[in-house]
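One structure is given here, and the rest of the page talks about it.
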Amino acid sequence: MSAQAQTTTPERGLRTDPFLLEAQDLKVTFRAPGGRKLHAVDTISVGVRPGETVGLVGESGSGKSTVARTIMRAYEPEGGHIFFEGKDIAHLNERHLLPIRGKLQMVFQDPYSSLDPRWTIRRVLAEPLVAHNYGTRQKINERVDYLLKVVGLPADSAQRLPSQFSGGQRQRIAVARALALEPKMIIADEPVSSLDVSIQAQIINLLRDLQERLKIGLLIIAHDLALVHQISDRIVVMYLGEEVEEGPADEVVGRPQHPYTVALLSATPVPEPGGDNKRIVLTGDPPSPIYRPSGCRFHPRCPIARDRCKTEKPPLKEIGQARKVACWYAGEMPAPRDLWAMQGKALTAEELAGPDLRS
Amino acid sequence: MSSVKESARAAASVAGKSGDTILSVNDIVVEFPRGGKSGFRAINGVSFDLRQGETLGLVGESGSGKSMTALSLLSIVPLPGRIIQGSISLRGERIDNLPVNELRKIRGKRIGMVFQDPMTGLNPVRSIGGQLTESVLRHQNVTKAEAEEIAFKALDDVGIPSARDRLKGYPHELSGGLRQRVMIALALINHPDVIIADEATTSLDATIQAQILDVFRVRLSKATLIMITHDLGVAAEICDRIAVMYAGRIVELGTISEVLTNPKHPYTVGLLSAVPRFDVRRPKLVPIPGTPPTAEDIVRGCPFAPRCRHAQSKCEERPPLEIVDGRQVACWFPRGSNAA
């Protein structure tokens, strides 16, 4: 029951201790054809505390993966800071980054392209250890065996090749690799979206277990709001490279303030008959990050947009503890589902354990 | 359930007395040879009926055989696989043993198909209008000008803005959502008896998926549709009945509310509890332990037994698909049964 107490305490998502990782006003642009600029990420700030899970949600093109990759320093930020354990790593050179890379690891979406098909699993897992002078060959081998055990793979996996594993098992290998150097922070970019639901839950639970045990900070990037809500302490919602809403997971899902968050919630199909009652269908497609709309970026698709939204860009305003929203008419659109009523309710034993298969 | 759908079904049942069933799939087996061993059965004895005006969901995880079922309906099972058993009938006529020239009259005419990835389903170097009119001219006895008018109407019907101009355009000029609408228009254009949509919304973002689901729900409300999806939420939104597939078999088949609110097969129960939901937040997600059988595995008895916490020695025998509480279930010990 302690697990339940933990996830339902009011403090969930309301911690105020210093961040382990903090991206501050991060700005990333790419060059587009014709000398134009593609604004992939425009002044995003997101922080993760030790042992905390933060979910970054948005649709394709919203810039969420760019945030992850920029934090990993795969892209050069045009502006802003990336603080890791208090130190700005936004412009560190590769030599100074090396010790940090061990503590800041990443799990990618596609376990098929993120593992070299010709490398044995032992070599995959040993590579980071060798690169960081972990120790003798024997010490490295012991660590590899330990990692396999931690992620729940059989000991003889080490000799095998990635092609001999299923998608879920490969993602376990990717998690093991991320854990190799005892990181303090893991960024997972759509870690389960290529997996089947029954396997998805296995990997998410594995990540959560390890995170709780090792007090790792976890930034999860995903498009599935229901999944992110299940596992995150806080949620940051992005649209067209900008942050539109942020808050504790239950708050964002139960009392969404930005019309885009509301639309996203209402667009998520739920496996219930007749779950489409209050569906809000947004018209049109997300605009191009090269030719962004004036004013509020969301106004061309927003059901409640007014004249002001076309010309004036709403600032990201604090509207409560750990709660932010960028909308002139925040809170005007009602939540699509009556979720808030659920939050105070204690889960029954059956709900906690999951349904019995035959009762 | 939408009232449009209800009334469509009511109308259908009045109109066609015995012709209620449009498509009938009877115990089909699709086998792929594997060196030495017995063949791998990608589909292993699948049967279902599709009624006029209904939407049937084929739901399952990768490798469950849901897409293969769709391919076998059109006789396009990839080689070296082939249908080695069973029959498929469209309005009472066998369509599983037809010669290629006869099949061409069915594909795109009597059965329309919407694929997952519109970029591969559409020809990138032909105009959208060209692709639509080609299909019309092949299957309908009309002039080119008439075909163009039909093409325009088809695009307009699926909610493509300024459809007239789009006819001259090419697939790459369209967003993912619009391309998928073109695919749907192409599937609909010859008024097929059955439309098969294979993961038609999977590659789309949530808000765009909602738009396409709306196209299915509102504009295709009278169509007879097979919706293949891995997403129970998507199935819940537009299907009347669903068939849950596992390892090439249907394990549970019933109306959407029967199956989703009171699942009987342990796999359906497991699948439903593994889906993250907004309303119940558990400290942990509830996965199904283990992995589904792969093409390498030889399955005896119930394919779900190795992952099922209620498996018993009886499960070494294959459970038949039998009626339990008004829906069909392939389990010796369905949930709620007294047998322990």
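Sort B:69-77, A:192-200, B:231-239 for me by packing, meaning the mean count of neighbouring Cβ atoms within 10 Å per residue, highest on top.
B:231-239, A:192-200, B:69-77
Rounded to two decimals, what is Rg over Rh for chain B when you use alpha-carbon atoms and the Kirkwood radius?
Looking at chain B, the ratio lands at 0.98.
Per-residue Cβ counts within 10 Å, from other chains only, averaged over B:61-67: what number is that?
2
Read phi for every residue in the stretch A:106-116 and hand back ³J(HN,Hα) as whole Hz from Karplus 6.51 cos²θ - 1.76 cosθ + 1.60, θ = phi - 60°, with x for Gly and Pro.
9, 10, 8, 5, 9, x, 8, 9, 8, 10, 5
To one decimal place, what Kirkwood hydrodynamic radius in Å is obtained for the stretch A:159-281 from all pairs of distinct Cα atoms?
16.2
About the Cα centre, and with charges only on the beta carbon of Lys, Arg (+1) and Asp, Glu (-1), how big is the dipole of the stretch A:124-273? Nearest 20 debye, please. Walk me through the numbers before you get to the answer.
On the way: 14 positive and 19 negative charges, 175 e Å.
Dipole about the Cα centre, nearest 20: 840 debye.
In debye, nearest 20, what is the charge dipole magnitude of chain A about its Cα centre with +1 on Lys and Arg Cβ and -1 on Asp and Glu Cβ, if you could check?
For chain A, the charge dipole is close to 840 debye.
Take the Cα gyration tensor of the stretch A:1-150, multiply each eigenvalue by 5, square-root it, and list the three semi-axes largest first, rounded to whole angstrom. Let's see the in-between values first.
Numbers: eigenvalues 170, 121, 56 Å².
Equivalent ellipsoid of the stretch A:1-150: 29, 25, 17 Å, largest first.
Among B:VAL136, B:VAL182, B:ILE228, flag the residue with its Cα farthest along the positive direction of the charge dipole of the stretch B:117-256, charges on Cβ as +1 for Lys/Arg and -1 for Asp/Glu.
B:VAL136
Dividing the alpha-carbon radius of gyration of the stretch B:79-193 by 2.2 N^0.38 Å (N being the number of residues), what value is obtained?
It is 1.16.
If the elastic network links every pair of Cα atoms under 10 Å, which of B:GLY270, B:GLY108, B:GLY57 fluctuates the most in the Gaussian network model of chain B?
B:GLY270
Helix A:137-150 against the longest principal axis of chain A: what's the angle in degrees, Cα atoms only, rounded to the nearest 10?
50
For A:LYS313, give me every one of the aspartates and glutamates with a C-alpha distance below 16 angstrom, ignoring sequence neighbours fewer than eight places off in its own chain.
Straight-distance partners of A:LYS313: A:ASP42, A:GLU242, A:GLU243, A:GLU245.
Report the local net charge at A:HIS299: Lys and Arg +1, Asp and Glu -1, summed over other residues whose C-beta lies under 15 Å from its C-beta. The partial results should precede the final answer.
Working: positive: A:ARG292, A:ARG297, A:ARG301, A:ARG306, A:ARG308, A:LYS310, A:LYS313; negative: A:GLU242, A:ASP285, A:ASP307, A:GLU312, A:GLU332.
Net charge around A:HIS299: +2.
Could you run the Karplus curve 6.51 cos²θ - 1.76 cosθ + 1.60 with θ = phi - 60° over the stretch A:56-63 and give me ³J(HN,Hα) per residue in whole Hz, x for Gly and Pro?
Computed from phi, the couplings for the stretch A:56-63 are 10, 10, x, 8, 4, x, 7, x Hz.
Could you give the C-alpha radius of gyration of the protein assembly as shown expressed as a fraction of 2.2 N^0.38 Å, taking N as the number of residues it contains?
Cα Rg divided by the expected 2.2 N^0.38 Å: 0.99.
Of A:TYR329, A:VAL262, A:ILE203, whose Cα points farthest to the positive end of the dipole of chain A (charges on the beta-carbon: +1 Lys, Arg; -1 Asp, Glu; origin at the Cα centre)?
About the Cα centre, the residue reaching furthest to the positive side is A:ILE203.
How large is ³J(HN,Hα), in whole Hz, for each residue of the stretch B:289-299 in order, when computed from phi with the Karplus curve 6.51 cos²θ - 1.76 cosθ + 1.60 and θ = phi - 60°, using x for Gly and Pro?
These are the phi-based 3J(HN,Hα) values: x, x, 10, x, x, 9, 4, 7, 6, 9, 9 Hz.
For the protein assembly as shown, what does -39500 (n - 2.57) per DSSP helix run (n ≥ 4), summed and divided by total residues, give at 222 nm, in deg cm²/dmol to the nearest 500?
Rounded to the nearest 500, the figure is -9000 deg cm²/dmol.
What average count of beta carbons from other chains do you get within 10 Å of the Cβ of residues in B:196-208?
4
Based on Cβ point charges of +1 for Lys and Arg and -1 for Asp and Glu, what charge dipole magnitude is obtained for the protein assembly as shown about its Cα centre, in debye rounded to the nearest 20? Don't skip to the end; give the middle numbers.
Values: 88 positive and 79 negative charges, 190 e Å.
The dipole of the protein assembly as shown has a size of about 920 debye.
Of all DSSP beta bridges in the protein assembly as shown, what percent run antiparallel (nearest 5)?
60
Any idea which of B:HIS310, B:LEU71, B:ALA154 is furthest toward the positive side of the dipole for chain B, if Lys and Arg beta-carbons carry +1 and Asp and Glu beta-carbons -1?
The listed residue farthest towards the positive side: B:HIS310.
Skipping prolines and chain starts, which residues have an amide H placed within reach, meaning under 5 Å, of the one on B:ILE250, given they are 5 or more residues away or on another chain?
B:SER47
Place the peptides A:159-172, B:81-94, B:204-217 in order of packing, highest mean first, counting for every residue the other Cβ atoms within 10 Å and averaging per peptide.
Those peptides, ordered most packed to least, come out B:204-217, A:159-172, B:81-94.
Under 13 Å from the Cβ of B:LYS144, count the other residues' Cβ atoms, weight Lys and Arg +1, Asp and Glu -1, and hand me the total.
-3
Lysines within cross-link reach of B:LYS105: Cα-Cα under 30 Å, excluding same-chain residues under 8 positions apart?
Cross-link targets: B:LYS5, B:LYS17, B:LYS66, B:LYS144, B:LYS153, B:LYS168, B:LYS222.
Which whole-number value in Å³ per residue fits the convex hull of the alpha carbons of the stretch A:114-180?
75
Report the calculated FRET efficiency for B:LEU79 and B:VAL100 (r = Cβ-Cβ distance, R0 = 22 Å), to the nearest 0.05.
Details: r = 14 Å, r/R0 = 0.63.
Efficiency computed from Cβ-Cβ geometry: 0.95.
Out of the trypsin sites (Lys or Arg not before Pro) in the stretch A:180-241, which ones are loop residues according to DSSP with at most 14 other C-beta atoms within 10 Å?
Sites meeting the loop and neighbour criteria: A:LYS215.
What relative contact order, as a whole-number percentage, does chain A give when Cα pairs under 8 Å and 6 or more residues apart are counted?
It rounds to 19 percent for chain A.
Would you work out what percent of the accessible area of the stretch B:53-161, with all protein chains in place, is carbon or sulfur (probe 1.4 Å)? Working shown, then result.
Values: 2660 of 5100 Å².
Percent of accessible area from carbon and sulfur atoms in the stretch B:53-161: 52.
After finding the eigenvalues of the alpha carbon gyration tensor for chain A, what semi-axes result from the square roots of 5 times each, listed largest first in whole Å?
Listed largest to smallest, the semi-axes of chain A are 35, 26, 19 Å.
Show which lysines lie in cross-link reach of A:LYS87 when reach means a straight Cα distance below 23 angstrom and same-chain residues fewer than eight apart are skipped.
Answer for A:LYS87, where 23 Å is the Cα cut-off: A:LYS27, A:LYS64, A:LYS103, A:LYS184, A:LYS215, listed by chain and number.
Could you work out the per residue convex hull volume over the alpha carbons of the stretch B:89-129, in cubic angstrom? Let's see the in-between values first.
Numbers: hull volume 4.4 nm³, N = 41.
Expressed per residue, the convex hull around the Cα atoms of the stretch B:89-129 is 108 Å³.
Note the direction-averaged projected area, equal to a quarter of the hull surface, for the Cα convex hull of the stretch B:186-273, in nm².
Mean orientational projected area (the stretch B:186-273, Cα hull): 6.4 nm².
Residues of A:259-272, mean number of Cβ from any other protein chain within 10 Å of their own Cβ, rounded to a whole number?
Mean partner shielding for this stretch: 6.
Below 13 angstrom from the Cβ of A:GLU142, what's the summed charge of the other residues (Lys, Arg +1; Asp, Glu -1)?
Once all neighbours under 13 Å are counted, the net charge is +4.
I need the peptides B:38-51, A:91-104 ranked by packing, meaning the mean over residues of other C-beta atoms within 10 angstrom, with the highest value on top.
B:38-51, A:91-104
Using 10 Å bins from zero, what percent of all Cα-Cα pairs in the stretch B:257-340 falls into each bin?
Reading the bins upward from 0: 16, 45, 31, 8.
The values are calculated or read from the model by the stated rules, or taken from the named source; none is laboratory data. Predicted model only: the values in this text are computed from it and were never measured. With ideal geometry, Cβ positions are generated from the backbone for all residues, glycine too; neighbour counts draw on all protein chains shown. Surface areas here come from the heavy atoms of the whole protein model, side chains and all, with no ligands, DNA or RNA. Shrake-Rupley method; radii C 1.70, N 1.55, O 1.52, S 1.80 Å.
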